[in-house]
Structures are given as structure tokens and as C-alpha cells.
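The values are calculated or read from the model by the stated rules, or taken from the named source; none is laboratory data. Bear in mind that the values here come from a model prediction, so they are computed numbers and not experimental data. Here the Cβ positions follow ideal geometry from the backbone for every residue, glycine too, while neighbour counts run over all protein chains shown. Just the protein is used for accessible areas: all its heavy atoms, side chains included, with ligands, DNA and RNA removed. Shrake-Rupley method; radii C 1.70, N 1.55, O 1.52, S 1.80 Å.
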Amino acid sequence: MSQNLNPRQSMGPLSVGNVVSAGLVLYRSHLQMYLGVALIATLWLAPANIIFFLLSSAWSGIASPLLPSWLLFLLWIPLMIWGLSKYLVNSALISRLAFGELISQPERMSDARRQLNARNWSFFRVAFQVGLLLVLVYIALAIVAVLMMVIFRIIIDLVLGGLFANPFTGSVVATILGGVIAVVILLGGLTWFFARWLIAEVPLAVEEEVNGKQSIDRSWELSKNSAFRIQGVVLITFLVTLPILILTGYAPQIFLLQLEPGSSLYWMVYLVSFIASLVGGILVLPFWQAIKAVVYYDLRS
């Protein structure tokens with residue numbers, strides 16, 4: 001393995017910039033292979049996406065489906081679950097291959113895929129459990145944020161109220177400051193928990209004797225002293241991938257705003273926009289999975 005790919009040789013202890021740099025090196029060095037895996041992962045979702053597009057067209061009245069909408073919906077559910085499970089396996093495959101490069105033990109893709117396919121539903125359970133945990137955390141943080149916003153608004157209103165001649169002005173300022181505090185609590189807390197479970201599927205992909213629950217626990221244990229640094233890694237990685245997301249995901253939506261919803265042209269542009277978003281996902285997925293491999297390697301070391 002190239003010396004530039006070894007974090008311990010090139011960057012020492014975990015740091016935000018060096019983790020992202022190592023992820024970029026892995027991404028560029030194996031771009032064709034990783035993009036191929038990401039393409040396969042995305043294609044597994046194609047059947048469910050096609051049915052969803054047909055359902056959207058039917059509900060908008062632009063087209064009459066060959067099958068009743070309720071039957072299409074019943075078909076969409078198992079296809080989505082199956083496609084998502086395969087998507088998660090291929091995502092984890094990228095992290096496993098990247099980790100093999102980091103420890104100077106590269107693995108044949110066919111061998112790695114065979115190992116992970118045997119744990120197909122374990123990756124789905126990990127994603128489902130982490131998603132459910134994040135939803136519960138979000139609800140709890142939202143309640144805390146609202147309570148804190150009300151409390152700080154009352155305190156700030158009492159403290160700053162006398163500084164403004166118009167009581168309404170003071171109330172607006174207090175509301176804005178309280179809202180900022182609530183947003184900081186919500187986003188800060190949510191990203192902190194997200195950082196603790198960022199690599200939840202990587203131990204399952206790399207370690208042979210680990211099940212889904214143990215993989216989630218392993219992520220929580222390994223990240224206990226590095227949550228804030230991982231938050232920084234997540235932020236920088238998001239900023240690095242943001243131009244791709246804007247071009248492939250957000251920019252096409254601007255054209256949709258200028259079209260009449262439900263029209264033929266609207267759905268044509270919608271389809272182009274959807275395909276562009278898939279291309280953006282294919283480009284971004286390997287980078288995120290390489291970053292996870294670097295974080296996991298560093299935390300284990």
C-alpha cells in the first residue's frame with residue numbers, strides 16, 4: 001500500500017483535516033472500483049424507484065398506472081426493503097475494501113462481497129436501529145430545545161427588556177436569541193449522537209465475530225473520546241461534497257419551481273432531476289464510506 005494511504009505514517013493522531021485528506025486519497029486511488037460498487041448499490045434501488053415514480057405520476061393524475069395504486073404501493077414496500085438491504089451491503093463493502101488498504105491487507109472484491117452478502121439483513125437491522133435511535137434522539141432534543149427556548153426567552157426578555165424603548169422590539173430580540181439557542185441545542189446534540197454512530201456498520205463489515213447489535217455498541221465505545229472531532233469530520237466532509245450535491249440535487253429543483261406541478265413537462269424535468277440526484281449519490285457515497293473506514297481505523301489504533 002502507498003505510504004500516503006497510511007494515516008498512522010502520514011498524519012499521526014486523529015485530526016479533522018487529515019482524516020478527510022486520507023479519505024480523499026483512498027477515493028482518488030480507487031475511484032473506478034468504488035464508483036462501480038456505488039453504481040451497483042444504486043441499481044439495487046432502481047425497481048423501487050421506478051414504482052415510486054409510477055405512483056407519483058398516478059397520484060398527480062398525469063398517467064394511469066397499469067396496476068392499481070394500492071397494489072403498486074404493496075409492491076413498493078418489499079422492493080424498497082430488499083433494495084435498501086443490498087444498497088447497505090455494497091456501501092459497507094466500500095468501507096471494508098478501504099480499511100483493507102489502510103492496514104496494508106487489500107482484499108479481492110469478490111471475496112469481500114461474499115463475506116458481506118452472508119450478513120445482508122444484519123446491515124439492514126443496523127441501519128434501522130441507528131435510524132430509529134436518531135429519530136428518538138431528535139424528538140427528545142426537540143422537546144429540550146423548545147423548553148430551553150422558552151426559558152431563555154423569558155430570561156433574556158427580563159434582562160434586555162429594559163434596554164429597548166419599544167417592548168415589542170425587546171420581545172423580538174429575545175425570541176430570536178432564544179431560537180438561536182434552541183437551534184444550537186438541536187443541531188449540536190443531533191450531530192453529536194450521529195458522530196457516535198457514524199461507523200455503526202463498519203465493525204460489522206470488517207470484524208468477523210461481530211453481530212449487528214455489537215457493531216452499534218462498538219461504534220459507541222470507540223467514539224466516546226472523539227465525538228467532537230468526528231463532528232468536525234462530518235462537517236468538513238459535507239462541505240467537500242456540497243458542490244456535487246448542489247449541482248446534482250438542489251440546482252435541478254430550481255427548474256421545477258418554474259413549471260406547473262403535474263404537467264407533462266414538469267414530470268420530464270422531475271425525471272431528469274431524479275436521475276441527476278442518483279448520479280450525485282453515486283459520486284458521493286464512496287467518499288463517505290472511505291471517510292468512515294479512516295475514522296474506524298484511527299479509533300481502533
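Note on exposure: Phe52, Phe255, Phe228 ranked by accessible area (1.4 Å probe, complete protein assembly) read Phe228, Phe255, Phe52, with the most exposed listed first.
Measuring nothing but protein heavy atoms, the accessible surface of segment 203-290 at 1.4 Å probe radius is 71 percent carbon and sulfur. Taking all protein chains as shown and a probe of 1.4 angstrom, Arg119 keeps an accessible surface of around 40 Å². The amide H of Glu201, built 1.01 Å from its N in the peptide plane, has no neighbour under 5 Å, considering only residues 5 or more places off or on other chains. Using a simple spin-label model with pseudo-atoms 7 Å out from Cα toward Cβ, Phe53 and Val172 lie 4.7 nm apart. The phi torsions of segment 274-285, fed into the Karplus equation with coefficients 6.51, -1.76 and 1.60 and a -60° offset, translate into couplings of 5, 5, 4, 5, 5, 4, x, x, 5, 6, 8, 3 Hz, rounded to whole numbers, with Gly and Pro shown as x.
Rounded to whole numbers, the Karplus 3J(HN,Hα) couplings from phi for segment 105-116 are 10, x, 10, 5, 4, 4, 5, 5, 5, 5, 5, 7 Hz, using 6.51 cos²θ - 1.76 cosθ + 1.60 with θ = phi - 60°, and x at Gly and Pro. Its convex hull of Cα atoms gives the chain a direction-averaged projected area, equal to a quarter of the hull surface, of 20.1 nm². The HN-Hα couplings worked out from phi for segment 20-35 by the Karplus form 6.51 cos²θ - 1.76 cosθ + 1.60 (θ = phi - 60°) are 5, 5, 5, x, 5, 4, 4, 4, 5, 5, 10, 4, 4, 5, 5, 5 Hz, whole numbers, x standing for Gly and Pro. Taken along its principal axes, the alpha carbon cloud of segment 102-153 reaches lengths of 58, 26, 10 Å, longest axis first. Taking the Cβ of Leu88 as the center, what net charge do the other residues with Cβ under 11 Å away carry, scoring Lys and Arg +1 and Asp and Glu -1? My count for the surroundings of Leu88 gives +2.
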